[in-house]
Every structure is written in structure tokens, then in C-alpha cells.
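*Asks:* Can you read through this structure? Questions will come right after.
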Amino acid sequence: MEANFKGKMLVAKPHFLRDPHFSNSVIYIYEQQEQVVLGLCLNKPSNLTLADIHSMRGHHNSGATGKLYKGGPVNEQSLLLLHTDDWSSSNTFRSSHGNCVSSDELMLEKLLSGNMPKCWRMMSGMSTWVVPQLQDEIYKRNAWLLIEPNESIFYTTDGDAQWKSAIELASVRMLETYF
């Protein structure tokens, strides 16, 4: 059984995961610290945009574009920026597959001024598990497909299209083990 999940992707299996937070979800595991696994749901856009976030912080008509995604049900007030490694802020954590996660006030100021990474997604909250809980969900309850992602899966689509792309990638990865 997998003990290190960092850099992997969880793809909700059809019909197995009925939790509204995780149904048809694609989760990128960006960090694992001893027994805690930290992930971001990539494909659940909210009804808010980056401009709305800036407006809530007093920067009206910022001109900022981009959706705000629901990164998970834990600490939903926190903002995390999943982005390519061509950019950084004062609190940037390097993950895997050319991705970083930033979470600080400077990142918002930089985005407001037009200083942006090549690809990014702003997240509200995160998804967390303890290792035994995630192992149970993957290996006993069969709720998730665990795959090695490719670079294109992170930023090219969202919603159900991203989930379907992740299912296809899981199928390809499974076939690769046999041939």
C-alpha cells in the first residue's frame, strides 16, 4: 500500500463517492507531513472570481480575472494559490510536477498588479486526511483512483471535463502497467 502520496492525484471513482465535497473530484496531493496528507481539489469552481476577492479586500475594479476554486472543505477562509514554478511569493512551497503552492498577502498584491505565474488556480480551503484514513478510502472502500498526474491535467480544464480527463489518464496509467 502507498505510504507516500505527495505528488499523486486522487480521482473520485464514479458512483462510489457520494460526499458532495468530493463527488467527481480531482485532488492534487501537494504535501504530506508525517501522517497528514494535504491536497487541493482542482475541478470545483466557486461562484466567486479573483476580482470578487480583491473587491472584498477593498480593491474595487481591480480588473483581475480568474475563478476561485473550492480547494476543499477544510479551512475554507484561507486562500491558496496553486501555480507553476516560474513564479513565487513570500510564502511559496515547491511541490511536484512543476507546481508550487503559495499562501500570503503578497501573492494577492502581485496578482492585483498583473504579476502572475504562467498557469495558476486560486483555491479557497484545502482537503486533508490522516494517512490511515486515506489508505482506507483508497484501498478498502475503493473510493479513489490514485494516479501519477501529467502536467496538462492541472490547468487546462475544470469541472466534469477535468474529472473525465483524469479518469482517462487513470485508464492510460493502468494500461501502461501491463504493456
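The values are calculated or read from the model by the stated rules, or taken from the named source; none is laboratory data. Please read all numbers here as calculations on a predicted model, not as lab measurements. Cβ coordinates were reconstructed from backbone atoms using ideal geometry, including for glycine residues, and neighbour counts include every protein chain displayed. We work out accessible area using only protein heavy atoms, side chains counted, and drop any ligands, DNA or RNA first. Shrake-Rupley method; radii C 1.70, N 1.55, O 1.52, S 1.80 Å.
*Asks:* Going down the list LYS6/LYS110; LYS8/LYS110; LYS118/LYS164; LYS8/LYS44, which pairs span over 21 Å between their C-alpha atoms?
*Replies:* Too far apart for the 21 Å limit: LYS6/LYS110; LYS8/LYS110; LYS118/LYS164.
*Asks:* Would you mind checking region 46-85 for residues with the amide N under 11 Å from a putative spin-label position 7 Å along Cα→C-beta of ASN91?
*Replies:* 78-81
*Asks:* Can you tell me the length gained on complete extension of the stretch SER113 to VAL74, counting 0.36 nm per residue apart and subtracting the Cα distance?
*Replies:* 11.2 nm
*Asks:* Next question. For region 18-59, just run the numbers: alpha carbon Rg, then divide by 2.2 N^0.38 Å, N being how many residues it has.
*Replies:* Here the answer is 1.58, to two decimals.
*Asks:* I've got another one for you. What percent do you get for the relative contact order of region 39-179 when only Cα pairs under 8 Å and 6+ apart count?
*Replies:* Contact order relative to length: 26 percent.
*Asks:* Which residues' amide hydrogens lie under 5 Å from the amide hydrogen of TRP120, considering only partners 5 or more residues apart or on another chain, with H built in the peptide plane?
*Replies:* When sequence neighbours closer than 5 places are left aside, there are no close amide H contacts.
*Asks:* Could you calculate, for the chain, the ratio of the Cα radius of gyration to the Kirkwood radius, expressed as Rg to Rh?
*Replies:* 0.97
*Asks:* Still on this structure, please answer the following. Mind checking which aspartates and glutamates have their Cα closer than 13 Å to the Cα of LYS140? Skip sequence neighbours fewer than 8 apart in that chain.
*Replies:* GLU2
*Asks:* Could you calculate the contour length gain from HIS21 to VAL130, that is, 0.36 nm times the residue separation minus the distance between their Cα atoms, to one decimal place in nm?
*Replies:* Using 0.36 nm per residue and subtracting the Cα-Cα distance, I get 37.5 nm.
*Asks:* Using only DSSP helix segments of four residues or longer, with each worth -39500 (n - 2.57), what per-residue ellipticity at 222 nm results for the chain after dividing by its residue count and rounding to 500?
*Replies:* That calculation yields -6000 deg cm²/dmol at 222 nm.
*Asks:* Something else: What accessible area per residue comes out for the chain, rounded to a whole number of Å², with a 1.4 Å probe?
*Replies:* 51
*Asks:* Right, here's the next one. Positive end of the dipole of the chain, charges at C-beta (+1 Lys, Arg; -1 Asp, Glu), about the Cα centre: which of LEU106, SER152, PHE22 has its Cα farthest in that direction?
*Replies:* PHE22
*Asks:* Treating only the Cβ of Lys, Arg, Asp and Glu as charged (+1, +1, -1, -1), what charge dipole size does region 1-95 show about its Cα centre? Round to the nearest 20 debye.
*Replies:* With Lys and Arg at +1 and Asp and Glu at -1, about 240 debye.
*Asks:* Additional query: What translational diffusion coefficient, in µm²/s and rounded to a whole number, does the Stokes-Einstein relation yield for region 79-179 at 10 °C and a viscosity of 1.306 mPa s, taking the hydrodynamic radius as the Kirkwood radius over Cα pairs?
*Replies:* So the translational diffusion coefficient is about 102 µm²/s.
*Asks:* Right, here's the next one. Given 0.36 nm per residue, what is the gain on full extension from GLU168 to GLU34 after removing their alpha carbon distance, in nm?
*Replies:* 45.2 nm
*Asks:* Here is a further query. Can you list the aspartates and glutamates whose alpha carbon is less than 13 Å from that of LYS67, not counting same-chain residues fewer than 8 positions off?
*Replies:* Filter leaves ASP52, ASP158.
*Asks:* Once neighbouring chains are kept in place and the probe is 1.4 Å, which whole percent of the accessible area of the chain is contributed by carbon and sulfur?
*Replies:* 51
*Asks:* Ranking request for peptides 90-96, 134-140: highest mean number of other beta-carbon atoms within 10 Å first, then the rest in descending order.
*Replies:* 134-140, 90-96
*Asks:* What angle, in degrees between 0 and 90 and rounded to the nearest 10, separates the Cα long axis of helix 159-176 from the longest principal axis of the Cα atoms of the chain?
*Replies:* Computed tilt is about 40 degrees.
*Asks:* Let me ask something else about it. Average projected area of the Cα convex hull of region 35-81, in nm²?
*Replies:* Seen from a random direction, the Cα hull of region 35-81 projects 3.8 nm² on average.
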